[in-house]
Amino acid sequence: MIQEYAAVQLGLELGTYTHFIGSAHVNDRNAERVKKVLDEADMRGHPQHFPFPAMLVETTPGTITRVLEHEELLRTNKARYSADDIAGLDVDVYWQQAILLFEVYRQIKQDQAETVSREVLDALHPGLRWLLKHKWAARATPEDQR
């Protein structure tokens, strides 16, 4: 998102990002965690491809400020949003998806909900819903689909 935002602000096309590492040491104390991550990657199989909408060129620092205000309200559990609430916010669909993820996180961490509300799950972009189901499978599957 940072790269995309910079490109929007500079009026440039979005480029590519390549990450290189020079070392991938695993210490004994981290071995179990690394094994868990690798097992999870094997379980997922081939990566999925879900084209995501581009950030609008109209994105401004004010847009980011509004999104961060909603993030703080949700992270601190001072607000809870339905999918309709989020659809009515003064931000475009790209940023509404981010706020939906903040609401998902709020439901999981603050409400300790067994499952995220169906209407919020249904409002998520298919790619985000897929990722959520692979991160928190039990909580991302509505009761009527179990």
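Some observations on this one:
- Derived from the Cα gyration tensor, the three semi-axes of the equivalent ellipsoid of the range 60-146 are 22, 14, 11 Å, largest first.
- The P(r) of the chain has a tail past 27 Å containing 37 percent of all C-alpha pairs.
- DSSP-assigned coil residues among chymotrypsin sites (Phe, Trp or Tyr not before Pro) in the range 93-141, each with at most 13 further Cβ atoms within 10 Å: none
- Helix-only CD estimate at 222 nm, as mean residue ellipticity for the chain, using -39500 (n - 2.57) per DSSP H run (n ≥ 4): -15500 deg cm²/dmol
- Of the trypsin sites (Lys or Arg not before Pro) found in the range 3-98, those that fall in a DSSP loop while having at most 12 other beta-carbon atoms within 10 Å are Lys78.
- Taking label points 7 Å from Cα along the Cα-to-Cβ direction, Leu12 and Asn27 give a separation of 3.7 nm.
Any read-out appearing in this document is the output of simple, stated calculations on the displayed coordinates, not a laboratory observation. This is a predicted model, so every value here is computed, not measured. Neighbour counts are summed over all protein chains in view; Cβ atoms, including those assigned to glycine, are modelled from backbone coordinates with ideal geometry.
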